[in-house]
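Notes for the one structure printed next.
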């Protein structure tokens with residue numbers, strides 16, 4: 001074999017960091033050793049895996065095409081080594097989740113997974129749908145749990161579970177308990193909503209599509225809790241996932257509005273790279289996810 005797994009590890013670290021020094025630091029090795037290993041790999045096959053752009057190293061067309069295979073080879077080798085050393089030990093899993101899922105579902109899922117598999121190391125990144133999808137595509141995350149619909153040539157999107165949005169207001173709002181809210185009234189309300197690019201905003205916009213251009217968007221905020229606080233303070237009405245509002249409705253700090261003519265139902269999805277190697281840890285996570293929500 002004319003290359004080593006260590007060379008693959010260095011190649012992938014440089015691809016992630018786009019900088020030899022930062023890649024070397026992440027692997028606890030010297031910059032010169034990392035640079036030498038990359039140079040040796042490129043010279044061995046007479047190829048250029050990176051384009052030098054100032055101090056940055058960007059994957060060349062060949063490097064980008066080889067990266068998925070390198071990621072999978074290294075992942076399989078690490079899984080193989082782990083199985084040899086301790087067959088009952090699971091490894092690392094990097095999970096991404098959109099804000100609603102991350103704040104109200106994913107932490108509980110991680111707790112159940114760690115209870116079932118104590119050796120597993122699970123990290124969680126919480127961002128909006130577009131950001132999670134991009135990080136999965138760049139191999140920074142093993143999978144994403146997202147609210148929004150998306151299409152990406154490198155990602156596989158599979159159905160997970162259902163959810164629905166609920167419009168809501170402060171409990172003393174005149175529309176609370178007043179029956180169904182008409183389309184005419186919806187056009188006059190000041191709305192506090194999620195930012196574009198989020199799955200929640202995508203569902204809201206689609207449900208309101210025929211009157212969307214007439215709505216008064218008072219605030220666009222990135223965080224669910226900030227929207228809830230703004231609505232409690234009387235800055236407008238909101239629309240968020242029912243699972244994020246259950247506690248507030250129970251306390252009476254917020255109250256639902258009736259909008260029966262709008263379909264706020266949606267689906268949550270699991271996103272992974274199409275060419276992703278399914279490690280034992282990833283397989284167990286997917287099994288648990290579908291056990292809980294089928």
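Every number in this text was worked out from the coordinates using simple rules, so none of it is lab data. Computed from a predicted structure; not experimentally measured. Every residue, glycine among them, receives a Cβ derived from its backbone with ideal geometry; neighbour counts consider all protein chains shown.
Structure above, values below:
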quantity: Rg to Rh, two decimals, where the chain supplies the alpha carbon set and Rh follows Kirkwood; calculated: 1.08
quantity: Residue 116-residue 172 FRET efficiency (beta carbon distance; Förster radius 30 Å; 0.05 resolution); calculated: 0.10
quantity: Principal-axis tilt of helix 5-17 within the chain, Cα atoms, nearest 10 degrees; calculated: 40 degrees
quantity: Cα-based helix-to-principal-axis angle, 107-116 vs the chain, degrees rounded to 10; calculated: 50 degrees
quantity: Column: log10 I(q)/I(0), Debye, Cα scatterers of segment 5-85, q = 0.13, 0.19, 0.24 Å⁻¹; calculated: -0.39, -0.81, -1.20
quantity: Gain in span if fully extended, residue 151 to residue 210, counting 0.36 nm per residue against the direct Cα distance; calculated: 18.9 nm
quantity: FRET E, pair residue 182, residue 242, Förster distance 30 Å, beta-carbon r, rounded to 0.05; calculated: 0.85
quantity: Pairwise label distance in nanometres, residue 69 with residue 159, each label 7 Å out on the Cα-Cβ vector; calculated: 3.6 nm
quantity: Part-to-part distance (alpha-carbon centres) for segment 193-262 and segment 41-112, which is given in Å; calculated: 36 Å
quantity: Residues residue 220 and residue 26, FRET efficiency given R0 of 45 Å [Cβ-Cβ distance, rounded to 0.05]; calculated: 0.80
quantity: Least to most buried among 191, 285 (fewest other Cβ within 10 Å first); calculated: 191, 285
quantity: Spacing of the two label points (7 Å from each Cα toward its C-beta) at residue 287 and residue 52, in nm; calculated: 4.9 nm
quantity: Label zone at residue 62, where the point sits 7 Å out along the Cα-to-Cβ direction: segment 9-37 residues whose backbone N lies under 17 Å; calculated: 11-12, 15, 37
quantity: Net length gained if the chain between residue 18 and residue 195 were fully extended (0.36 nm per residue, minus Cα distance); calculated: 60.8 nm
quantity: Burial ordering of 39, 228, fewest other beta-carbon atoms within 10 Å first; calculated: 39, 228
